[in-house]
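Taken together, the values in this text are just the output of simple stated rules run on the coordinates, not laboratory data. These numbers come from a predicted model, not from an experiment. Note that each Cβ is placed from the backbone with ideal geometry, even for glycine, and that neighbours are counted across all protein chains shown.
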Amino acid sequence: MKVAIVYSFKPSEWFSCTIINKNLREAYETVYDDIMYIDYTRKRTFEPDDIKKLAESDVEKIIFIDHQPTPIGFLDYLKKKYPDCFNRLEYTIHIFGDFPLFMPEWRTVFDLLDGMPLKFVTASEKQRKFITKFIKQEELISVCPFPVDSKKFNFRIESRNEARAKFGLTDEFIFLYTGRLTFQKNITCLIESFCELDSQELLPPNSLLYIVGGVDSLGVPYLGANQLLGEYFRSIQKTLEKFPLSKDKVVLTGRVENDELNTYYNLSDCYTSLSTYHDEDYGMSVAEALCSGLPAVITNWAGYHSFQLEKHPEYCQLVSTDISRTGPTFDQEDYRNKLGSQDYLKYDRTEISKIYQQNFSIKACAEKLENIQKSEAVPFQGTTGFMKRITNEQFLRGIEVFKSEATREFNDLYFEAYDVYAG
């Protein structure tokens with residue numbers, strides 16, 4: 001069988017999406033021998049000759065694997081120019097975390113695909129539940145994690161020893177966060193909790209907190225609360241100044257290259273994240289850390305929930321979360337109890353790495369994708385009334401669709417949409 005995979009050949013400004021894109025292609029290359037790749041740029045442009053070749057080919061399925069742009073321009077052109085081709089294809093769309101930001105476009109995409117055999121693939125179970133609020137047919141939505149390159153992210157005791165020697169580490173216990181340093185990732189809360197537990201001697205001796213990543217100014221766009229460049233970094237610095245005895249135990253590395261990340265995963269001892277980012281559909285950093293054998297203490301928010309495996313829940317401890325008018329929250333006491341319990345000291349890293357690679361590696365995800373593609377595709381029957389409501393509101397209010405104008409906090413529509421992400 002021949003399939004077409006559509007994505008932007010130019011890397012995304014979101015580096016994690018670029019990695020996800022590459023790993024998904026590798027997974028599909030394991031499933032299919034004959035793949036036609038089509039460039040659909042960030043500006044919604046494509047080569048008409050590519051669409052013509054698609055129409056003249058024996059491609060049976062078309063798979064969209066990128067987060068942006070939505071398939072709206074591609075599908076509209078294909079349907080108008082080559083209706084016979086459009087009507088004979090089966091469609092698969094991988095859904096990313098930015099889905100809620102572009103509801104009017106997605107509604108048009110779904111109108112174009114009405115009646116067509118269609119499959120949706122989400123990266124986590126909670127995202128699947130989220131998408132069911134907008135799609136009438138729950139059976140169209142499958143789950144396959146975004147794959148991790150296990151050749152790059154793995155645990156080897158030799159690599160750990162080399163990495164720790166390189167950084168001059170001996171008996172230090174390293175807590176690690178990797179990813180963007182941004183308001184909704186709760187980096188200041190992470191620092192506060194670490195410093196307070198350290199001052200109370202509730203952490204392993206000689207504990208350090210490594211924070212690996214660059215600062216952004218994203219703020220909370222849904223509330224129109226963007227930050228000035230450097231504003232969040234100043235918040236981090238102010239937080240550190242509150243803990244003069246512990247601040248030197250927090251190491252801010254800045255952004256590092258992707259090829260260096262496995263070094264940090266191997267030299268560290270426990271991964272931790274307090275992210276309550278609204279559209280945390282998955283968590284590539286968490287997946288890479290676990291595949292590198294790190295036990296984790298993370299929030300039970302959105303896609304993070306899927307990292308706690310049913311047969312081995314102890315390897316990834318989840319911190320309770322909730323939603324409020326001011327946004328998602330996490331239980332600080334629960335987090336401090338889990339970090340202070342030091343249960344993460346008990347586990348064998350080689351075993352953790354092995355188990356998570358069995359679930360999240362490119363090979364493991366290829367098997368899941370193959371099963372999804374073998375399943376019967378049924379005709380798409382449209383969207384829910386809830387999606388129509390959000391789309392209409394977004395036409396009027398843009399990205400601030402979930403903001404109450406009266407209180408400038410989150411409105412009832414937000415609670416109706418995001419209740420499934422808390423836990």
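Subtracting the Cα-Cα distance of Glu314 and Glu393 from 0.36 nm times their residue separation leaves 24.2 nm of extension gain. For Ser375, project a label point 7 Å along Cα to C-beta. Then give me every residue of region 93-127 with its amide nitrogen under 18 Å of that point. Under cut-off, by backbone N: 93-96, 116-127. Site pair Thr45 and Thr329 shows an inter-label distance of 4.9 nm when each label is modelled 7 Å from Cα along Cα→Cβ. Summing charges over neighbours of Phe153, with a neighbour being any other residue whose Cβ is under 15 Å away from its Cβ, gives +2 when K and R count +1 and D and E count -1.
Close amide H contacts of Ile5 (hydrogens built in the peptide plane, cut-off under 5 Å, sequence separation of 5 or more or a different chain): Met36, Tyr37, Ile38, Ile63.
At an R0 of 45 angstrom, the distance between the Cβ atoms of Gln200 and Trp14 translates into a FRET efficiency of 0.75. Which pairs break 18 Å Cα to Cα here: Lys22/Lys152; Lys61/Lys126; Lys43/Lys133; Lys152/Lys363? Beyond 18 Å between Cα atoms: Lys61/Lys126; Lys43/Lys133. Counting only residues at least eight positions apart within a chain, or on another chain, the lysines with an alpha carbon under 24 Å from that of Lys247 are Lys166, Lys185, Lys238, Lys338. Full extension of the chain between Asp114 and Met36 yields a length gain of 25.6 nm, computed as 0.36 nm times the residue separation minus the alpha carbon distance. From its DSSP helices (H runs of at least four residues, each -39,500 (n - 2.57)), the chain gives a residue-normalised ellipticity at 222 nm of -11500 deg cm²/dmol. Of all the options Ala27, Ala366, Ala165, the one that moves most in a Gaussian network model of the chain with Cα springs shorter than 10 angstrom is Ala165. Each listed q (0.08 Å⁻¹) maps to a log10 I(q)/I(0) for the chain from the Debye sum over equal C-alpha point scatterers, namely -0.46. Applying a DSSP loop filter and a limit of 14 other Cβ atoms within 10 Å to the GluC sites (Glu not before Pro) in region 184-235 leaves Glu201.
Mean-square fluctuations from a GNM of the chain, with a 10 angstrom spring cutoff on Cα atoms, peak among Leu223, Leu318, Leu345 at Leu345. For region 265-276, the Karplus equation 6.51 cos²θ - 1.76 cosθ + 1.60, evaluated at θ = phi - 60°, returns couplings of 4, 6, 6, 8, 10, 7, 8, 9, 8, 10, 4, 10 Hz by residue, with Gly and Pro reported as x. Spin-label model, Asp58 to Glu158: label points 7 Å out along the Cα-to-beta-carbon direction sit 4.7 nm apart. Report, as a whole number in µm² per second, the diffusion coefficient that Stokes-Einstein gives for region 157-360 at 10 °C and 1.306 mPa s using the Kirkwood radius over alpha carbon pairs. The diffusion coefficient I find is 92 µm²/s.
DSSP finds beta bridges in the chain, and of those with both partners inside it, around 15 percent are antiparallel.
Amide hydrogen proximity for Val215: with H placed 1.01 Å from N in the peptide plane, the residues at 5 or more positions away or on another chain lying under 5 Å are Leu181. The Cα center of region 141-181 and the Cα center of region 208-248 differ in position by 23 Å.
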